[in-house]
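Following: one structure in structure tokens, then a few remarks.
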Amino acid sequence: MIFKFTISGKEEQVVEFEKELLDILLRLTGDQEMIAHEVHFCVHEAILNIIQHTYKWDLDHPLDIRLDVTETDGTDRVLEIAIRDYGPPIEGPIIPPKRVDKFQLRKRGLYMISKIMDSYSIESVAKNGNVTYMKKILKGKQETVSPI
Amino acid sequence: MQDNKLDVKVSIVGDTTGIIHISGELSVFVPDFDLFYREVAAYIRMGLIQFVIDLNGVSYIDSSGIGLIIKLSTNAMRNQTKICLICEQPQVRRALTIANIDRIVHFVSGISEGMEFYRAAETAPTRP
């Protein structure tokens, strides 16, 4: 299953997208509701990172978001999320901290994403833009969900 | 994020304690978040140190909301205390745990338990 969205960074578009995202995630994760909320949190943080650091709060730039859901062995599913931005390419690899200081403010969002997701990376794409990639293995049997 | 609303009620007890009831979404995308952040900074400048924060009405928190909690906690830590959080909402509690916030705050079940925490700290014997 593939879900594709294109939004800008404007509040109303982000809010509308995140409502739809949570709905999809809740149906994907079935009775594991907490996982849906955790993944939702990660997507929110990834979008926030792009708007803050790449788009510098210029909310008119687009974001292409793609969710891929594939089955592994009949019970587990792999959820892959790619968020494409069109800002300046990142200069080097962004590595989430392995731990954060108790009162540290910076990079806590990255740290949290790396703790929740099974895989997380940000890579530049040619001269224009970056792709934030996240992967989560959804364990066990979940409900079926149809692309919207 | 679902409602994109933030509602905050603050009451001040004595010279150093604030009680904050928050409902809605504690996220940078909520229009009133920035105002609330500046309000909190003003309370700290006023000399408030101890805060009992009721998050039971919060449906969503992001890293900006967590940053706000850390700001209050840092201020409390500088004054040898902790802030008290009331948080029964599982998703919000989980986010705070993943962020390691549970190590720097004191979770309580209600306002009265939070106030008791500060009263007990005031009456505790100090080491010479």
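Show which lysines lie in cross-link reach of B:Lys71 when reach means a straight Cα distance below 21 angstrom and same-chain residues fewer than eight apart are skipped. Straight-distance partners of B:Lys71: A:Lys102, A:Lys107, B:Lys9, B:Lys82. Over the residues of chain A, the helix contribution to mean residue ellipticity at 222 nm works out to -10000 deg cm²/dmol, using -39500 (n - 2.57) for each DSSP H run of at least 4. Length available on full extension from B:Lys5 to B:Ala124: 0.36 nm per residue minus the Cα-Cα distance, which gives 38.8 nm.
Counting other C-beta atoms within 10 Å, and keeping those with at most 10, which DSSP coil chymotrypsin sites (Phe, Trp or Tyr not before Pro) do you find in segment A:44-148?
A:Trp57
Can you give me the Kirkwood hydrodynamic radius for chain A, using every pair of distinct Cα atoms, in Å to one decimal? If you can, show how the numbers build up before the last one.
On the way: mean 1/r = 0.0631 Å⁻¹.
It works out to 15.9 Å.
Near B:Asn79, once Lys and Arg are set to +1 and Asp and Glu to -1 for all other residues with Cβ below 15 Å from its Cβ, the sum equals +2. Give the share of C-alpha pairs in each 5 angstrom bin for segment B:6-122, from 0 to the last occupied bin, in whole percents, shortest bins first. Reading upward from the zero bin: 2, 12, 25, 28, 21, 10, 2, 0. Using a simple spin-label model with pseudo-atoms 7 Å out from Cα toward Cβ, B:Asn56 and A:Ser121 lie 4.6 nm apart. Using 0.36 nm per residue and subtracting the Cα-Cα separation, the extra length available between B:Leu35 and B:Asp102 on full extension is 21.6 nm.
Provide B:Ile101, A:Ile137 in ascending order of the number of other Cβ atoms located within 10 Å of each residue's Cβ, fewest first.
Working: B:Ile101 21, A:Ile137 12.
Neighbour counts put them in this order, fewest first: A:Ile137, B:Ile101.
Report the full-extension gain for the segment A:Leu59 to A:Val131: residue separation times 0.36 nm, less the Cα-Cα distance, to one decimal in nm.
Working: separation 72, 0.36 × 72 = 25.92 nm, distance 1.77 nm.
Extra length from A:Leu59 to A:Val131 when fully extended: 24.2 nm.
When only alpha carbons of segment B:75-115 are considered, Rg and Dmax amount to 10.7, 30 Å. In plain terms, the residue of A:Lys10, A:Lys98 with the fewest other Cβ atoms within 10 Å comes first and the most crowded comes last, giving A:Lys98, A:Lys10.
Every Cα-Cα pair of the protein assembly as shown was included, and the share exceeding 30 Å stands at 34 percent.
Here r is the Cβ-Cβ distance between A:Thr70 and A:Glu11 and R0 is 35 Å; the resulting FRET efficiency, rounded to 0.05, is 0.65. Post the alpha-carbon centroid distance, segment B:69-89 to segment A:37-114, in whole angstrom. If we compute the Cα centre of each part, the gap is 27 Å.
In peptide A:9-21, how many Cβ atoms from other protein chains are near each Cβ within 10 Å, on average? Intermediate results must be reported in sequence, preceding the final value.
Details: counts 1, 1, 7, 2, 0, 4, 8, 2, 1, 6, 4, 0, 1.
Per-residue shielding by partner chains comes out at 3.
Spin-label model, B:Thr16/A:Lys4: points 7 Å from Cα along the beta carbon direction are separated by 6.0 nm.
Each reported figure results from applying straightforward, stated rules to the coordinates on display, with no laboratory input. Worth saying up front: this structure is predicted, and the values here are computed from it rather than measured. A quick note on method: Cβ atoms are made from the backbone with ideal geometry, for glycine too, and the neighbour counts reach across all protein chains shown.
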